[in-house]
1. Might you let me know whether segment 208-231 holds any residue that is polar (S, T, N, Q), exposed (fewer than 12 other Cβ atoms within 10 Å of the Cβ), touching a Ser or Thr at 6+ places or on another chain (Cβ under 9 Å) and more than 18 Å from residue 146 (Cα to Cα)?
2. Taking the residues in segment 84-133 that are closer than 30 Å to residue 219 by Cα and in contact with a Phe, Trp or Tyr (Cβ under 8 Å, 6 or more places away or on another chain) as candidates, determine which candidate is surrounded by the fewest Cβ atoms within 10 Å (Cβ to Cβ).
3. Is it the case that some residue within segment 114-132 is in a helix (DSSP H, G or I), over 21 Å from the mean Cα position of the chain (by Cα) and within 30 Å of residue 82 (Cβ to Cβ)?
4. Filtering segment 233-252 down to residues that are closer than 18 Å to residue 172 by Cβ and part of a loop (DSSP other than H, G, I, E, B), which residue is farthest from the chain's Cα centre (by Cα)?
5. Just to be sure before I move on: is residue 118 in contact (Cβ under 8 Å) with a residue 40 or more places away in the chain and either in contact with a His (Cβ under 6 Å, 6 or more places away or on another chain) or charged (D, E, K, R) (or both) in the structure I sent?
6. Collect the residues in segment 204-219 that are in contact with a helix residue (DSSP H, G or I) (Cβ under 8 Å, 6 or more places away or on another chain) and assigned to a loop (DSSP other than H, G, I, E, B), keeping them in residue-number order.
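Nothing in this text is a laboratory measurement; each read-out follows from the coordinates by a stated rule. Since this is a predicted model, take the numbers as computed values, not measurements. When we count neighbours, we look across all protein chains shown, and the Cβ atoms used for this are built from the backbone with ideal geometry, even at glycine.
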Amino acid sequence: MSKFNLSDEKLKRAVDNAVLELIRVQHEGRYSTVVLPIWLSSGAAVSVCIRAIGNSVSISDQGNSYLEAEDVNAQRTFSQIAQSIAEKHHVSYKDKAFSLDKVSFDNIAGAIGVVAEASRAAYDLAIDKVSERSEKNAKFEIDQKLRSYFPSHAVAKDVSIRGASNHEWKFSNVVTLDFRRKAVFEVVSSAPVAVYSVVTKFTDLKSLENSPTRVSVLNDRNGIGDLIRVLQQTSNVMDAQFTAEEIEAVVA
C-alpha cells in the first residue's frame, strides 16, 4: 500500500490552480472566448473566440493582434505580412483576423494553439519590421546631422571597434576629433533588448585604456522609460533631435 504524501497533494492543487489562472474562459451562448498564456511583445495576452456552427466550430482571434498593431501605427506592415504568416501556419486571414473554420470538436485544442500562434507571430514580426525601419531611418538622419556639424571626412558610419575583451563591435557612427580622439555614437531603440545590447558594447569600450567618448542616441525617449538610467551608466545620452550645442558639450 502506497503511503499518502500530503506535499504531493498540495503540489497537485497548486498546479491545478495555476493552470486555471493562466487560461481564462468565458462562455456566452454559442460563443466561447479563451484567453491564453501567450503574450504579444506589447504585453497583451492572445485570445481566441470559438463559435459553434453545426457539428463543427470556427476559431478566430477576432482581429485582436491587428488592433494591437494599429495602436502603435504598425497596421500597414501587419497587413503586408499577415497572409504569409497565415499560409505558414495553415490558417486563414480575412477581415484583419486569423481563423480556422470547420474544426471538429475533437481538434479544438490544437486549432486554438495554431490560430493563437499565428496571431502572435504576425504582431511580433510587424513590430520588428517597423522598429528596424525606424532605426534605419534614425541612423541615416543622425549620420547626416553629424556630417553637418563635423567635417565629412571625420565622420564614419557602420564602424567596427575592438573592445577590451578583444571582441569586435559595430557602431552607428564614429567621429574622429582633434588629436585623434574619437566619439562613438550608437542609435538606441526603445526595445529593452536593444538597450541591453548597447550597454554591453559600451561597457566593453569603457574598459579600454584610452576609451572613446560614448554617446547613446535615443530614437524614442518616451518609450525607453527608466532604462535610460541603465544607458547613462556607460554613455552620454542624447535625443535624436540633438542640437549643435548639445553635441559640442558631449565631445568637448
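1. Taking segment 208-231 first, the residues polar (S, T, N, Q) are 210-211, 213, 216, 219, 222.
Filter once more, keeping what is exposed (fewer than 12 other Cβ atoms within 10 Å of the Cβ): 210, 222.
Next cut, touching a Ser or Thr at 6+ places or on another chain (Cβ under 9 Å) only: 222.
Checking the rest, the ones that are also more than 18 Å from residue 146 (Cα to Cα) come to 222.
Yes, because at least one residue in segment 208-231 is polar (S, T, N, Q), exposed (fewer than 12 other Cβ atoms within 10 Å of the Cβ), touching a Ser or Thr at 6+ places or on another chain (Cβ under 9 Å) and more than 18 Å from residue 146 (Cα to Cα).
2. 96
3. So in segment 114-132, the residues in a helix (DSSP H, G or I) come out as 114-132.
Cutting the leftovers down to over 21 Å from the mean Cα position of the chain (by Cα) gives us 114.
Checking the rest, the ones that are also within 30 Å of residue 82 (Cβ to Cβ) come to 114.
Yes: one or more hits.
4. At the first step, the residues of segment 233-252 found to be closer than 18 Å to residue 172 by Cβ are 234-242, 246-247, 250-251.
Subsequent filtering for residues that are part of a loop (DSSP other than H, G, I, E, B) retains 234-235, 240-242.
Working: 234: 23, 235: 23, 240: 20, 241: 23, 242: 25 Å.
Among residues in segment 233-252 that are closer than 18 Å to residue 172 by Cβ and part of a loop (DSSP other than H, G, I, E, B), the one farthest from the chain's Cα centre (by Cα) is 242.
5. Numbers: in contact (Cβ under 8 Å) with a residue 40 or more places away in the chain: yes; either in contact with a His (Cβ under 6 Å, 6 or more places away or on another chain) or charged (D, E, K, R) (or both): yes.
Yes: the conditions hold for residue 118.
6. In the first step, residues of segment 204-219 are kept if they are in contact with a helix residue (DSSP H, G or I) (Cβ under 8 Å, 6 or more places away or on another chain); the result is 211-219.
Scanning segment 204-219 gives 211, 212, 219.
Residue by residue, here is whether (1) closer than 20 Å to residue 107 by Cα; (2) touching an Asp or Glu at 6+ places or on another chain (Cβ under 6 Å); (3) in a loop (DSSP other than H, G, I, E, B) holds:
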| site | (1), (2), (3) |
| --- | --- |
| 15 | no, no, no |
| 26 | yes, no, no |
| 33 | yes, no, no |
| 62 | yes, no, yes |
